[in-house]
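Read the structure below first, then the notes.
Since every read-out is calculated from the coordinates, none of them should be taken as a lab result. This structure is a prediction, so every number in the text was calculated from the model and none was measured. Methodologically, a virtual Cβ is constructed for each residue, glycine included, from the backbone with ideal geometry; neighbour enumeration extends over all protein chains shown.
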């Protein structure tokens, strides 16, 4: 897998490199973030997207924040800076829980350093936090690998898989969540065909998933979102695999808008519907999907395509980035800790007991 979506370059004075996903597949461009404001813009504008990738980028963002001006270069001022950076980056995308998981983890690491060491060197704090951000990155790579290995067993040879949005290497530090299952199946000699929903309004399935799968030599067919039900009716889909941005304690799942419709259609046509996500995507403080905050995006994502206005300028637009797929409509959640079949609160707690 030659795709490296997020990476840190250099030592504690380094910077973040991101694949600018707004430009794919027409242009492959690497975006460099030297300031936290640049990373905030990259996250909010979807230059980097996908819950795990956002989480990894945010971890490095805390390090980036300490590279900017801190009044006295003391650990005390560094802690205050970390608080400001975490609050700022946390406002970039409200739904993806990995963002908040990484920021909280970086804060806890800084607090532990301040509490448990007599080393008051500002440089030491920065080194500790860069090491923690690197750990988040490396754990994400391994997480993707385990999801692929756990989920591959659910996929039959010669299967046709429907995907929605992009949950591959472009959405993580590794090989992806949903797509890692497909990649692992291929490594194990299984022949897999993929139908990639275009995923309106920003076309991440058409632009990103189809591009990524072609890089890996996997057969992929792009389809309109509205074609999915007909594909199922015609018997062309053997399973559906999607990612997730936040999963409630009962298994209700927030993912790219349009996922809910696919889950309902899958039930009608008796097709397995799988969610692939790391343990860090579970938010056990939220009881059900009805409590998950849903990000509302700019109306121009719908009304303008490639700079061309396609709708009356005064039209009302409703543009939620995500919807909720309910646990009852999910066949299984594939995690790095194992597969949760017929997910419910009890099964989730049992699987996550060694993670949280």
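At a glance:
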quantity	calculated
Packing-based exposure ordering (other Cβ within 10 Å, fewest first) of 97, 181	97, 181
Rounded tilt (10° steps) of 178-187 against the dominant C-alpha axis of the chain	70
Mean-position separation - Cα centroids, the range 1-60 and the range 289-332, in angstrom	23
Percent of beta bridges antiparallel (DSSP, the range 153-352, rounded to nearest 5)	40
Residue order, fewest to most beta carbons within 10 Å, for 259, 95	95, 259
Two-site label geometry, residue 214 and residue 328: point separation in nm, points 7 Å out along Cα→Cβ	4.2
Separation of the residue 68 and residue 145 label points, Cα + 7 Å toward Cβ, nm	3.5
Against the rule of thumb 2.2 N^0.38 Å, how large the Cα Rg of the chain comes out	0.99
Residues of the range 165-202 with amide N under 12 Å of a point placed 7 Å along Cα→Cβ from residue 236	194-197
Convex hull volume per residue for the range 153-352, taking Cα atoms only, in Å³	124
Helix axis angle, 51-67 relative to the chain longest principal axis, alpha carbon, degrees	20
Per-selection Kirkwood Rh - the range 6-145 (Cα, Å, 1 d.p.)	15.0
Rg over Rh [alpha-carbon atoms, Kirkwood Rh] for the range 225-341	1.04
0 to 90° range, to nearest 10: angle between helix 122-152 axis and the chain longest Cα axis	20
Fraction of beta bridges assigned by DSSP in the chain that are antiparallel (%, nearest 5)	50
Burial ordering of 232, 106, fewest other beta-carbon atoms within 10 Å first	232, 106
